[in-house]
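The values are calculated or read from the model by the stated rules, or taken from the named source; none is laboratory data. Given the structure is predicted, the values throughout are model-derived calculations rather than measurements. Cβ coordinates were reconstructed from backbone atoms using ideal geometry, including for glycine residues, and neighbour counts include every protein chain displayed.
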Amino acid sequence: MTSNRKIISAVAAVGLLLAVLWYFSQGPRTIVDGGYTYQNASDDLVRLELIQPGNLVLRQFTVTGEARGMWYFEGSFPVEVLGKDGKVIAQAPASAITDWMTEEFVPFRVTLDVGSYSGPATLVLKRDNPSSLPENDASLSVPIEVFDAQ
């Protein structure tokens, strides 16, 4: 009977290993929810205030929201604005407003300036990843429209 248990345990271990390998071979998880695109993330990790998909923004605008402490590194995380061609037209670090060394939500703020650009764009909030390991990358993207108020 002991020999059968060892075989069953070995088969179960191999099955579990194969399931884990399959899961990680699927690549990044992308969730689109109401116009927000989460890459290896969700609204339980990062949330925007005021800016919603399709919002009009000025060439200089402020982004606020909240992110869990693990989203930050040394109290900040990168934020970018991509033009319609996908190239970065603005970038700046979002800064924690309160203590970021927690697993709870921490409010953030960043002001971005896209220069003379106007038109469709994408706001991207990236989890700070000092390890540079792709499996630690995560982001929230939202389409916006930059307009010239003059």
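Any residue at all in region 26-47 that is within 13 Å of residue 110 (Cβ to Cβ) and modelled with pLDDT of 95 or more? So that I can check it myself, show each step before the final result.
Filtering region 26-47 down to residues within 13 Å of residue 110 (Cβ to Cβ) leaves 46.
Keeping just the survivors that are modelled with pLDDT of 95 or more gives 46.
Yes, there is a match, as at least one residue in region 26-47 is within 13 Å of residue 110 (Cβ to Cβ) and modelled with pLDDT of 95 or more.
Considering only strands (runs of 3 or more DSSP E) fully contained in region 25-75, which possess at least 2 residues that are under 20 Å from residue 91 (Cβ atoms)? Can you show your working first?
Values: elements: 30-33, 36-39, 46-49, 60-68.
Those strands (runs of 3 or more DSSP E) span 36-39, 46-49, 60-68.
So which residues in region 119-150 are surrounded by 21 or more Cβ atoms within 10 Å (Cβ to Cβ), under 14 Å from residue 71 (Cβ atoms) and either among the hydrophobic types (A, V, I, L, M, F, W, C) or free of Cβ contacts under 8 Å to residues at least 12 places away in the same chain (or both), if there are any at all?
Listed by number, the residues that qualify are 125, 138, 140.
If residue 95 satisfies all but one of (1) under 23 Å from residue 33 (Cα atoms); (2) out of contact with any Pro (no Cβ under 6 Å at 6 or more places or on another chain), what's the number of the condition it fails?
Exception for residue 95: condition (1).
Quick check on region 86-130: of everything there that is of a type in the set (Ser, Thr, Tyr) and in a loop (DSSP other than H, G, I, E, B), which residue is farthest from the chain's Cα centre (by Cα)?
Narrowing region 86-130 to residues of a type in the set (Ser, Thr, Tyr): 95, 98, 102, 111, 116-118, 122.
Those still in the list that are in a loop (DSSP other than H, G, I, E, B) too: 98, 102, 116-118.
Values: 98: 20, 102: 18, 116: 26, 117: 24, 118: 24 Å.
Filtering first and then ranking leaves 116.
Before we move on, is residue 96 aliphatic (A, V, I, L, M) and modelled with pLDDT under 95? Give the steps one after another, and end with the answer.
On the way: aliphatic (A, V, I, L, M): yes; modelled with pLDDT under 95: no.
Against the criterion (aliphatic (A, V, I, L, M) and modelled with pLDDT under 95), residue 96 does not qualify.
Looking at (1) exposed (fewer than 13 other Cβ atoms within 10 Å of the Cβ); (2) touching a strand residue (DSSP E or B) at 6+ places or on another chain (Cβ under 7 Å), which one does residue 116 not meet, given that it meets all the others?
Evaluating residue 116 over (1) exposed (fewer than 13 other Cβ atoms within 10 Å of the Cβ); (2) touching a strand residue (DSSP E or B) at 6+ places or on another chain (Cβ under 7 Å) leaves (2) as the failure.
Can you confirm whether residue 63 is under 18 Å from the mean Cα position of the chain (by Cα) and at pLDDT 95 or above?
Numbers: under 18 Å from the mean Cα position of the chain (by Cα): yes; at pLDDT 95 or above: yes.
So residue 63 passes the test.
Anything in region 43-81 that is loosely packed, with under 15 Cβ neighbours inside 10 Å, of a type in the set (D, E, K, R) and under 21 Å from residue 31 (Cα atoms)? List them, or say none.
43, 44, 49
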